[in-house]
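Right, one structure below, let's go through it.
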Amino acid sequence: MKTLKKAIFAIILVTISIGLLVIGNGYDMYKKAIEETPLEEKVAKIREKENYITLEELPQIYLDAVISVEDHRFYKHNGIDIIAIGRAIINDIKAMAFVEGGSTITQQIAKNEYFTQEKKITRKIAEIFVAFDIEKEYDKNEILELYINTIYFGNGYYNIKDASLGYFGKQPSRMTDGECIMLAGIPNAPTVYNPKTNMELAIKRMKQVIDKMIKYGYLTQEEADKIIKNPILL
């Protein structure tokens, strides 16, 4: 019995030590990234881009769609979503691989602007530290605005304005409800879901976003049915 207790204690001690080492390495990665390009400088560069667009210039249904499909607790968390992370850990353990990250919108900005897409725990820790900084310095609407101006929509479109002009030939403010929802679904897998590559998959993804919007109270089933019936033309 004593031997078993010692073995369990040793395993716990090793696990804690490894955890602290990983967190430490992640913090070092975060510090290096922030020192190379301070957050304020990074945000200024984003806002200086030619096709930068404000939230006020976008249809509300697009913003609702983004929140629904990307981070439905966005306005309630402080940069990380504990529930989403817990779900991701369970799914990763089941798959015995790093298949889900549980990233919030804030974390996605941190990852896309400071780090590679490489799936490593150290990078994930660094991303979380940057996310905390972003939430501390900017309000939620500012963060959402940064997000829609930096995500990739496929076909060389790196923000919502480029995507709207590129796919539909119109300013974002003139997008239909269906077009808004379709674009909200693309960043999850831009090479797969963009309509120029495969309209059938783009519409399938659009319906997934609509289901999320119904689930979280942004659309009624009747409103969703009307949107789906209207054709989307490139």
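Which numbered condition in (1) under 23 Å from Asn149 (Cβ atoms); (2) at pLDDT below 95; (3) within 15 Å of the chain's Cα centre (by Cα) is the only one that Lys119 fails?
With respect to (1) under 23 Å from Asn149 (Cβ atoms); (2) at pLDDT below 95; (3) within 15 Å of the chain's Cα centre (by Cα), Lys119 is out only on (1).
Looking only at segment 102-122, how many residues end up being more than 16 Å from His77 (Cα to Cα) and part of a helix (DSSP H, G or I)?
Number of matching residues: 6.
Those residues that are over 17 Å from the mean Cα position of the chain (by Cα) and charged (D, E, K, R), I need them from segment 136-166; list them, please.
Hits for segment 136-166 are Lys136, Glu137, Lys161, Asp162.
Considering each of Thr191, Thr116, Thr106, Thr197 in turn, give the residue that is out of contact with any helix residue (DSSP H, G or I) (no Cβ under 8 Å at 6 or more places or on another chain) and of a type in the set (Ser, Thr, Tyr).
The match here is Thr191.
If you check every pair at least six apart or on different chains, which have Cβ atoms under 8 Å apart with a residue in segment 177-201 that is under 14 Å from Ile228 (Cβ atoms) first and a residue that is modelled with pLDDT of 95 or more and of a type in the set (Lys, Arg) second?
Here the result reads Met182/Arg205; Gly185/Arg205, each pair linking segment 177-201 to a residue that is modelled with pLDDT of 95 or more and of a type in the set (Lys, Arg).
Take residues that are of a type in the set (Ser, Thr, Tyr), modelled with pLDDT of 95 or more and surrounded by 22 or more Cβ atoms within 10 Å (Cβ to Cβ) and tell me which of the helices (runs of 4 or more DSSP H) falling wholly in segment 123-234 contain 2 or more.
Qualifying helices (runs of 4 or more DSSP H): 160-168.
The values are calculated or read from the model by the stated rules, or taken from the named source; none is laboratory data. Note that the coordinates shown come from a computational prediction; the quantities given were computed from them, not determined experimentally. Using ideal geometry, Cβ is built from the backbone for each residue, glycine included, and neighbour counts are taken over all protein chains shown.
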